[in-house]
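Any read-out appearing in this document is the output of simple, stated calculations on the displayed coordinates, not a laboratory observation. Please read all numbers here as calculations on a predicted model, not as lab measurements. Here the Cβ positions follow ideal geometry from the backbone for every residue, glycine too, while neighbour counts run over all protein chains shown.
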Amino acid sequence: MRILVAEDHPSLARSIADGLRDDGYAVDLTFDGNEALHLAGSNPYDLMILDIMLPGRDGFSIIQVLRRRDVQIPILCLTARDGIVDRVKGLDLGADDYLVKPFAWEELLARVRSMVRRGHGKKSATISVGDLEIDTARKSARRGGTAIELSAREFALLEYLAHRQGQVVTRSDIWEHLYDQHDETTSNVVDVYIGYLRNKIDKEFPTKLIHTRRGQGYLLGVEG
């Protein structure tokens, strides 16, 4: 999952970005409102964490422009303003949630997970694909009742495929959601990680869940 963090306080911004990366998210970071608007309108983010008080263009203006352009990225607002008027304004303009500084890191992560799920049309933290269970809250997976050890990148790929269960997802689409703008790897790395997942998810089971559509991409689901 790929997240845009737009926050003008450098140490807080980097702390949020580092924490999200440690949790397996790809993160793009900006300190400027105009750049935040450009990035949000140009990339397929799964979530935007937006500080209201940004230089160049404030968060309210960014929300308004994005929604007017029908950019439906989920937006979590961060602000030191705890007044009800500002919260109502942000939500009325099209923000999806609000978090007042200072906040507990665990709460931010919980809201991020919840909003990413909702953005993909999921209500439960657990996604089932046949006998495979993916817990997006605990970042864990089990198949046939057996725990599967996954790296953060492997889980991110599995989670993204699970959110698109039954749909063919292109290599470039996967890459755009799993890697940030400064990552120098190419989309071919997706094939490598698909191979890693197959070894862990499918190798020991007669029913395969990860399928290749030649010339199109990959699909996670039960076929037949």
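Compare the Cα positions of Leu54, Leu209, Leu99 along the charge dipole of the chain (+1 at Cβ of Lys, Arg; -1 at Cβ of Asp, Glu; about the Cα centre) and return the one farthest towards the positive end. Farthest along the dipole direction, towards plus: Leu209.
What trypsin sites (Lys or Arg not before Pro) in the stretch 175-224 are in a loop by DSSP, with at most 16 other Cβ atoms within 10 Å of the Cβ? Intermediate values should be presented prior to the final figure.
Numbers: sites: Arg198, Lys200, Lys203, Lys208, Arg213, Arg214; in loops: Lys203, Lys208, Arg214.
Those that pass, being in a loop and sparsely packed, are Lys203, Lys208, Arg214.
With everything on Cα atoms, drop me the angle between helix 10-22 and the longest principal axis of the chain, reported from 0 to 90° to the nearest 10. Helix 10-22 sits at roughly 10 degrees to that axis. Ranking of Phe103, Phe31, Phe205, Phe155 by neighbouring Cβ atoms within 10 Å, starting from the fewest: Phe103, Phe205, Phe31, Phe155. Here Lys200 is the anchor, and the aspartates and glutamates within straight C-alpha reach of less than 13 Å, apart from those fewer than 8 places off in the same chain, are Glu149, Glu154. Dividing the convex hull volume of the alpha carbon atoms of the stretch 126-220 by its residue count gives 95 Å³ per residue. Excluding same-chain neighbours fewer than eight residues apart, the aspartates and glutamates reachable from Lys122 by a Cα-Cα span under 17 Å are Asp46, Asp96, Asp97, Glu133, Asp135, Glu159. Counting only alpha carbon atoms, the long axis of helix 152-163 and the longest principal axis of the chain meet at about 90°. Between 0 and 90 degrees, the angle of helix 59-68 with respect to the longest Cα principal axis of the chain falls at about 60 degrees.
Size of the dipole of the chain about the Cα centre, Lys and Arg at +1 and Asp and Glu at -1 on the beta carbon, nothing else charged, in debye to 20?
Details: 30 positive and 34 negative charges, 152 e Å.
In debye, rounded to 20, the chain gives about 740.
Rounded to the nearest 500, what is the chain's calculated 222 nm mean residue ellipticity when only DSSP H runs of at least 4 contribute -39500 (n - 2.57) each, over all residues? Don't skip to the end; give the middle numbers.
Values: 8 runs with 91 residues, N = 224.
It comes out at -12500 deg cm²/dmol, rounded to the nearest 500.
What do the square roots of 5 times the Cα gyration tensor eigenvalues come to for the stretch 2-119, in whole Å, largest first, as semi-axes of the equivalent ellipsoid?
Details: eigenvalues 67, 52, 42 Å².
Semi-axis lengths for the stretch 2-119 are 18, 16, 14 Å.
Computed on the Cα trace of the stretch 172-224, the radius of gyration divided by the Kirkwood hydrodynamic radius gives Rg/Rh = 1.02. Taking one equal scatterer on every alpha-carbon of the chain, how large is log10 of I(q)/I(0) by Debye at q = 0.09, 0.14, 0.17 1/Å? Each listed q maps to, in turn, -0.38, -0.87, -1.18. Other residues within the sphere of radius under 12 Å centred on the Cβ of Gln167, judged by their own Cβ, net out at +1 (K and R +1, D and E -1).
Comparing Tyr98, Tyr45, Tyr193 in a Gaussian network model of the chain, where Cα atoms under 10 Å apart are tied by springs, the biggest mean-square fluctuation is seen for Tyr193.
The base-10 log of I(q)/I(0) for the stretch 71-144, evaluated at q = 0.14 Å⁻¹, reads -0.55 [Debye formula, identical scatterers on Cα atoms, solvent excluded].
Simple rule: put +1 on each Lys or Arg Cβ and -1 on each Asp or Glu Cβ in the chain, find the dipole, and look at Leu220, Leu150, Leu109; the Cα lying farthest toward the positive end is Leu220. As a proxy for reagent exposure, Arg118, Arg2 were ordered by neighbouring Cβ count within 10 angstrom, fewest first; the result is Arg118, Arg2.
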